[in-house]
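What follows is one structure encoded as structure tokens, with my remarks underneath.
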Amino acid sequence: MLVRAETIEIAEIMKTAQDKKDTTVTIIDGERGTGKSMMLLQAMTTAFLNNWIVLNVPEGRFHHTKDSKHFTN
Amino acid sequence: MTEYAPIPDTPIYSQPNYAAAWLGQIGKANAEVLSKLEVAQSHELPIPIPPKTTLARLTELGARDPEIAWPVFEAFWSEITSAGRPSILLTVDGLSHMMKESAYRSPEFELIHCHDLAVIKLLVEHLSGSKKLPNGGAVFAATSKGNAPLSYATSLAITQQIERQAGKEITPRDPFTKIDERAYKSLQKAQVLKLKGLSKAEARGLMEYWAASGVLRSRVDEKTVAEKWAIAGHGVVGEIERNVLKMRI
């Protein structure tokens, strides 16, 4: 897995939020192929490592049915 | 199986199927943490919650029955945001899908805005800053992959925030372009992390990893890295991958 500058930035954002009990809100933007979804994955990994609770909304239309493939992992 | 249902005395619609599916996924992904936490509050739910029910079990109860999924989700949310619980991460991929009207219609046959769908509403409240995570946490929302352009509301909000962060002049709104006001307003408090290409050092690190793990057979040296980095629009990681990994035998 690639650890890039933004991976560290995200980890720092999360650590500060946890320590200060703040709620940070960040939009991850960029051209196609720049690694946005990977950044979300890395945020999730960081959260699991720190025993956070992770609520993830994958890409796709938000109105899914119970057996939607977006919810199988 | 109901996709959406009005919540009485509110303009909001619950999403029974979506809530059930999401509870199931949340329960599985967080099984370790949630199986060690027990329901601590009393909840008025259509099903009995025995004492010592774990939060993991609570998600299961909601996941298997869409009819009660939304009230169970609300109970679950109340539990995980109560004092002493862990920090929470909310991640959303494809932000633009929720920054517009849905395809659902109200009884008056008007299009229901995404922000009036209960699950989305919860996410948007945290995106906009109107609700906070009491035990701390983070919200990360990525704009979509693919070629579909962002809505004007989303792209303007992002552009203006990037300008604000850089201390530059703020692009004014175009009065002649249609804009989703609710979407625009909901994104005013978010920071923006704009991804560009990798640095050459990062690109090199990635290529060395590929070489070490055997998926890349050719030499990784200054020249190759510089070349691949340049071809990939100055380090766009998806392009590096596409160009470099096709070099496998």
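Using each residue's phi in the stretch B:92-97, evaluate 6.51 cos²θ - 1.76 cosθ + 1.60 at θ = phi - 60° and report the 3J(HN,Hα) Karplus result to the nearest Hz, with x for Gly and Pro.
My calculation for the stretch B:92-97 gives 10, 10, x, 3, 5, 5 Hz in order.
Calculate the mean, over all residues of peptide B:76-87, of how many other protein chain Cβ atoms lie within 10 angstrom of the residue's Cβ. Kindly include the intermediate steps, with their values, before the conclusion.
Working: counts 2, 1, 0, 0, 2, 1, 0, 0, 0, 2, 7, 13.
Mean number of neighbouring Cβ atoms from other chains: 2.
Taking only protein heavy atoms and a 1.4 Å probe, what accessible area per residue, in Å², does chain B have with all protein chains in place? Don't skip to the end; give the middle numbers.
Numbers: 12590 Å² over 249 residues.
Ligands and nucleic acids excluded, the figure is 51 Å² per residue.
Collect residues whose amide H, placed 1.01 Å from N in the peptide plane, falls under 5 Å from the amide H of B:Glu38; neighbours closer than 5 in sequence don't count.
Hits under the 5 Å cutoff: B:Leu55.
With a 1.4 Å probe and every protein chain kept in, tell me what percent of the accessible surface of the stretch B:36-192 is carbon plus sulfur.
On the way: 4100 of 7660 Å².
C and S fraction of accessible area: 54 percent.
If amide H atoms are built 1.01 Å from N in the plane of the peptide, which residues on other chains or at least 5 residues away come under 5 Å of the amide H of B:Ala141?
So B:Ala141 has HN proximity to A:Thr26, A:Ile27, A:Ile28, B:Val92.
Roughly how big is the stretch B:126-175's charge dipole about its Cα centre, with Cβ charges of +1 (Lys, Arg) and -1 (Asp, Glu), in debye to the nearest 20? If you can, show how the numbers build up before the last one.
On the way: 6 positive and 3 negative charges, 44 e Å.
So the dipole magnitude of the stretch B:126-175 works out to roughly 220 debye.
Work out from phi, with θ = phi - 60° and the Karplus expression 6.51 cos²θ - 1.76 cosθ + 1.60, the ³J(HN,Hα) of each residue of the stretch B:231-236, listed in order in whole Hz, and give x for Gly and Pro.
After applying 6.51 cos²θ - 1.76 cosθ + 1.60, I find 4, 7, x, 6, x, 5 Hz.
Tell me the total accessible area that A and B bury against each other, 1.4 angstrom probe, in square angstrom rounded to 100. Before the final figure, lay out the partial values.
On the way: alone 6740 and 15460 Å², together 16290 Å².
So the total buried area for this chain pair works out to about 5900 Å².
Rounded to the nearest 20 Debye, what is the dipole magnitude of the protein assembly as shown about its Cα centre when Lys and Arg each give +1 and Asp and Glu each give -1 at the C-beta?
On the way: 39 positive and 37 negative charges, 196 e Å.
Approximately 940 debye in magnitude.
Assuming a viscosity of 1.002 mPa s and a temperature of 20 °C, what translational diffusion coefficient in µm² per second does Stokes-Einstein assign to the protein assembly as shown, Rh being the Kirkwood radius over Cα pairs?
Values: Rh = 21.3 Å.
Answer, rounded: 101 µm²/s.
Enumerate by residue number the trypsin sites (Lys or Arg not before Pro) in the stretch B:192-221 meeting two conditions: DSSP loop (anything except H, G, I, E, B), and at most 13 other Cβ atoms within 10 Å of the site's Cβ.
Details: sites: B:Lys194, B:Lys196, B:Lys200, B:Arg204, B:Arg217, B:Arg219; in loops: B:Lys196, B:Arg217, B:Arg219.
Those that pass, being in a loop and sparsely packed, are B:Arg217, B:Arg219.
Return the whole-Å distance between the Cα centroid of the stretch B:162-177 and the Cα centroid of the stretch B:51-85.
42 Å
Let me know the mean shielding of A:16-23 by other chains, meaning the per-residue number of their Cβ atoms within 10 Å of its Cβ.
On the way: counts 2, 9, 9, 2, 1, 7, 6, 14.
Mean inter-chain Cβ contacts per residue within 10 Å come to 6.
In chain B, what percentage of the DSSP-assigned beta bridges are antiparallel, given to the nearest 5? Don't skip to the answer; put the middle values down first.
Working: 5 of 12 bridges.
The answer is about 40 percent antiparallel.
Would you work out the relative contact order for chain B, in percent, from Cα pairs under 8 angstrom that are 6 or more residues apart? Don't jump to the answer; show the numbers that get you there.
Working: 326 pairs, mean separation 34.4, N = 249.
Over chain B, the number comes to 14 percent.
Return one number: the angle in degrees, 0 to 90 and rounded to the nearest 10, between the long axis of the Cα atoms of helix B:66-80 and the longest principal axis of the Cα atoms of chain B.
Helix B:66-80 sits roughly 70 degrees off the main axis of chain B.
For peptide B:13-23, compute the average count of partner chain beta-carbon atoms within 10 Å of each residue's beta-carbon. Each step should come with its number before you reach the end.
Working: counts 0, 0, 3, 2, 6, 9, 1, 4, 8, 7, 1.
For this peptide, the per-residue mean of nearby foreign Cβ atoms is 4.
So how much accessible area does B:Thr154 have, in Å² to the nearest 10, using a 1.4 Å probe?
Counting only protein heavy atoms, B:Thr154 exposes about 0 Å² to solvent.
Assuming R0 = 22 Å, can you tell me the calculated FRET efficiency for the pair B:Ala212 and A:Thr45, based on Cβ-Cβ distance, to the nearest 0.05?
Working: r = 21 Å, r/R0 = 0.93.
Rounded to the nearest 0.05, the efficiency is 0.60.
Over 10 Å intervals from 0, what percent of Cα-Cα pairs in chain B sits in each interval?
With 10 Å bins starting at 0, P(r) equals 6, 22, 25, 22, 18, 6, 1.
Return the lysines within reach of B:Lys168: Cα separation strictly under 26 angstrom, same-chain partners fewer than 8 residues apart disregarded; answer none if there are no such residues.
Output for B:Lys168: A:Lys36, B:Lys178, B:Lys185, B:Lys189, B:Lys194, B:Lys196.
Report the Stokes-Einstein translational diffusion coefficient (µm² s⁻¹, integer) for the stretch B:82-175, Rh taken as the Kirkwood radius over Cα pairs, at 37 °C with viscosity 0.692 mPa s. The partial results should precede the final answer.
Working: Rh = 15.5 Å.
For these conditions, the coefficient is 212 µm²/s.
The values are calculated or read from the model by the stated rules, or taken from the named source; none is laboratory data. None of the values given here were measured: they were computed from a predicted structure. Positions of Cβ are generated from backbone atoms using ideal geometry, with glycine treated the same way; all protein chains shown enter the neighbour counts. All accessible areas refer to the heavy atoms of the entire protein, side chains included, with ligands and DNA or RNA removed. Shrake-Rupley method; radii C 1.70, N 1.55, O 1.52, S 1.80 Å.
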